[in-house]
């Protein structure tokens, strides 16, 4: 994936040039588009990242999903580039963890189990660069691809800013594409 390191670096830098108000305004539009999808409306369980590093802001989506009575899970980064998801009941439960990312507390009985995943589960997935076929470049460690390779998540939705879209990404054999890209 080293061929993409410069594209990754440039896109992250561009994301950081957005003012806070512009990022939040654009994020709000993207979140509104996600909430308008049938996948979101029909979801009872949402796996959802807490934004950092200039990503599309997700606090509104977390709050709206909780208010709608959906089960919301946030990821925890583990050794060997693996993810576990834990249920949250409020945004303020998230605390700074690995890589400066806000994470939920690792309370065993709140951990997502494979049996919790159904056709009504969606995963809102972060990334740095995407193409229109659903391929994504993350930060290069493969956390989400490893996770998706172990569970069957039917709806993998990636929010992004329009400048995060590129013509084409050549996937690795281990890359798992998104089922929907929502840009703004």
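Quick note: the coordinates plus some simple rules give every number you see, no bench work behind them. Predicted model, so just to flag it, every value in this text is computed and none were measured. All Cβ positions, even for glycine, are placed from backbone atoms using ideal geometry, and neighbour counts span all protein chains on display.
When segment 138-149 is examined, which residues are found to be part of a loop (DSSP other than H, G, I, E, B) and either touching a residue at least 40 places away in the same chain (Cβ under 8 Å) or surrounded by 21 or more Cβ atoms within 10 Å (Cβ to Cβ) (or both)?
Quick first cut of segment 138-149, residues part of a loop (DSSP other than H, G, I, E, B) only: 138-142.
139, 140, 141, 142, listed by residue number.
Quick one: residue 151 ticks every box in (1) in contact with a strand residue (DSSP E or B) (Cβ under 8 Å, 6 or more places away or on another chain); (2) more than 20 Å from residue 9 (Cβ to Cβ) except a single one, so which number is it?
(1)
Output the number of residues of segment 61-84 satisfying the condition of being within 23 Å of residue 30 (Cα to Cα), outside any loop (DSSP other than H, G, I, E, B) and in contact with a strand residue (DSSP E or B) (Cβ under 9 Å, 6 or more places away or on another chain). Write out each step before concluding.
First, the residues of segment 61-84 that are within 23 Å of residue 30 (Cα to Cα): 61-75.
If we keep only those that are outside any loop (DSSP other than H, G, I, E, B) as well, we get 61-67, 71-75.
Among the residues that remain, those that are also in contact with a strand residue (DSSP E or B) (Cβ under 9 Å, 6 or more places away or on another chain) are: 61-62, 65-66, 71-75.
The total comes to 9.
Which count do you get for residues in segment 155-172 that are under 28 Å from residue 24 (Cα atoms) and part of a loop (DSSP other than H, G, I, E, B)? Talk me through it step by step, then tell me what you get.
Start the filter on segment 155-172 by keeping residues that are under 28 Å from residue 24 (Cα atoms), which leaves 155-169.
Applying the additional criterion that residues be part of a loop (DSSP other than H, G, I, E, B) yields 161, 166-169.
Residues flagged as under 28 Å from residue 24 (Cα atoms) and part of a loop (DSSP other than H, G, I, E, B) within segment 155-172 amount to 5.
If you take the residues of segment 119-137 that are assigned to a loop (DSSP other than H, G, I, E, B) and within 20 Å of residue 62 (Cβ to Cβ), which of them is farthest from the chain's Cα centre (by Cα)? Full working, then the answer.
Restricting attention to segment 119-137, the residues satisfying the condition of being assigned to a loop (DSSP other than H, G, I, E, B) are 119-120, 125-128, 131-135.
Among the residues that remain, those that are also within 20 Å of residue 62 (Cβ to Cβ) are: 120, 125-127.
Working: 120: 17, 125: 2, 126: 3, 127: 7 Å.
Per the criteria, the residue is 120.
Name every residue in segment 69-83 that is without any contact (Cβ under 8 Å) to a residue 40 or more places away in the chain, crowded, with 17+ Cβ neighbours inside 10 Å and closer than 15 Å to residue 143 by Cα, in order of residue number.
74, 76
Residue by residue through segment 154-176, note down the ones that are surrounded by 13 or more Cβ atoms within 10 Å (Cβ to Cβ) and in contact with a helix residue (DSSP H, G or I) (Cβ under 8 Å, 6 or more places away or on another chain).
155, 156, 157, 159, 160, 161, 163, 164, 166, 169, 175, 176
Please give the number of the condition residue 27 fails out of (1) surrounded by fewer than 21 Cβ atoms within 10 Å (Cβ to Cβ); (2) within 25 Å of residue 96 (Cβ to Cβ); (3) in contact (Cβ under 8 Å) with a residue 60 or more places away in the chain.
Against the list (1) surrounded by fewer than 21 Cβ atoms within 10 Å (Cβ to Cβ); (2) within 25 Å of residue 96 (Cβ to Cβ); (3) in contact (Cβ under 8 Å) with a residue 60 or more places away in the chain, residue 27 comes up short only on (1).
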